[in-house]
Amino acid sequence: MKLRISMIKGSILILLLISLSGCQELADQFLPPETQQEIADEVQKQADKAIDQIGQEIKDEAGQILEEIKTDVESEIKSSNPLLYACSTSPSLCPAQTDKNMSNEWKQVTALYQNSPEDRNIIYYLAAIHQFKVESDYACRYRPYPENGCNSGTGDTRCNIFAADVMRAMKAPLPTKGELGVGNGENKNKDPMTANPQSLHQWLLKEQDGWRRIDVSSQSDLDELLTHLHAGKPGVISNDGHIAVLRPDQLMTKLTAAEIGNLLIAQAGATNKNSITFKKGFGNVNADIFIHD
C-alpha cells in the first residue's frame, strides 16, 4: 500500500512541477495539449483506483477484526435465535419493543433482548444496543422535543435514558433518581427516572455495583478495555454532562492513549447515533471510561 501511495504522489508531483511557470512553457513546447490532458486523466484514474483499493482494504481489515473477535458461540446464537442475531447486525432488523413505557422517558422498561454476566458475547451486546433504535425510533423517550409530538415536550436530550436502557438490558443497571434520593418532591426516594448525567458520573466514580474505572494512562488498562468490549461486556463513557454506551465492535486490535477518541459509542443527545466515535459524540475526550463484567 505504501509503495502504491508513493507512486501516486510521484505522478501528481510531476504534474505539479510541469504546471509551474517555467516548466509549463517547456511542457507546452514539447507536449500537445491533448497529450497533457491524457496524462492528467490517466493519473486521476490511477489515483481514484488506488483510493478505492485502499478503501476496500480498510473495509476488509475491519471485517477481519470483527470476525476475529466473534466466537464459536455466534453460529449457535444464529441458529437458536435468528431474530436476535439479525438484530445484532442492524437496528433496522430489530423488532419493536413491546413495553408501553417506551413512549415516555421517565419510567424504566423491560427490554426484549437482555443479557447477563454469565453469558456475555458480542452478539448479545450488539442486540442490546440495536434494539432501542436510538437513531430512528422512540423519539418521545430519547428526544422528547415538542415538535416530535411528545406529551412532556421538554426539549431535553436523554443520553442518560438510552444508556440506562442498554445497561439494564445488559443486567448492569445505572441508578434511578429515587435510588440516589434525588427525585422530585414526594418522589425523592421513589422517582423511577434514570438519574441525570451529572449524578450518574459522580456515582460511577465511586466504582460500585460492579463498575470499574479505566485508567487511560495505563496501557494494561487499555488492553483490558479492548478485550472486555470484544468479549461482549458492557462499558460506558461518562462526564458531568453526557453519558454514552461503548460498543463491542471496536475496529482495532490495539488501543493506545492516542486512539481513545476513536472508540465507537452509541448515544442519545444533541445527535442520536447508533455508532459514532467518542471524540465526535462528546466533542472532546474529556470523560471517564467505566466497565462492568
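Nothing in this text is a laboratory measurement; each read-out follows from the coordinates by a stated rule. Here the structure is a predicted model, which means the values were calculated and not measured. Backbone-built Cβ (ideal geometry, glycine too); neighbour counts: all protein chains shown.
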Margin query: Going by Cα centres, region 247-293 and region 157-223 are how many Å apart?
Written below: 17
Next item on the list: For K171, list long-range residues whose amide hydrogen, built 1.01 Å from N in the peptide plane, is under 5 Å from its own amide hydrogen.
Entry: N115
Checklist line | Pairs from K78/K279; K78/K206; K133/K190; K100/K190; K78/K190; K78/K280 whose Cα-Cα separation, in the structure shown, is over 31 Å | finding: K78/K279; K78/K206; K78/K190; K78/K280
Next item on the list: Would you grab the residues whose amide H sits under 5 Å from the one on N239? Only those 5+ places off in sequence or on another chain, please, with H modelled 1.01 Å from N.
Entry: D288
Checklist line | Extended-chain gain in nm, criterion 0.36 nm per residue less alpha-carbon gap, L83 and A257 | finding: 58.9 nm
Next item on the list: Go through Y145, L222, N187 and say which Cα lies farthest out towards the positive end of the charge dipole of region 130-283; charges sit on Cβ, +1 for Lys and Arg, -1 for Asp and Glu.
Entry: Y145
Check: In debye, nearest 20: dipole of region 154-293 around its Cα centre with unit charges on the Cβ of K, R (+) and D, E (-)?
Finding: 300
Note to self: Net charge around P192, counting only other residues with Cβ within less than 15 Å of its Cβ (Lys, Arg = +1; Asp, Glu = -1)?
What the structure shows: +2
Next item on the list: For L112, list long-range residues whose amide hydrogen, built 1.01 Å from N in the peptide plane, is under 5 Å from its own amide hydrogen.
Entry: T98
Next item on the list: Would you mind estimating how fast region 70-292 diffuses translationally, via Stokes-Einstein at 25 °C and 0.890 mPa s with the Kirkwood radius over Cα pairs, in µm²/s?
Entry: 140
Checklist line | Rounded FRET efficiency, nearest 0.05, which uses the C-beta distance separating Q37 from Q114 and R0 of 51 Å | finding: 0.25
Note to self: Over 18 Å apart: what share of the alpha carbon pairs of region 224-293 falls there, rounded to a whole percent?
What the structure shows: 28
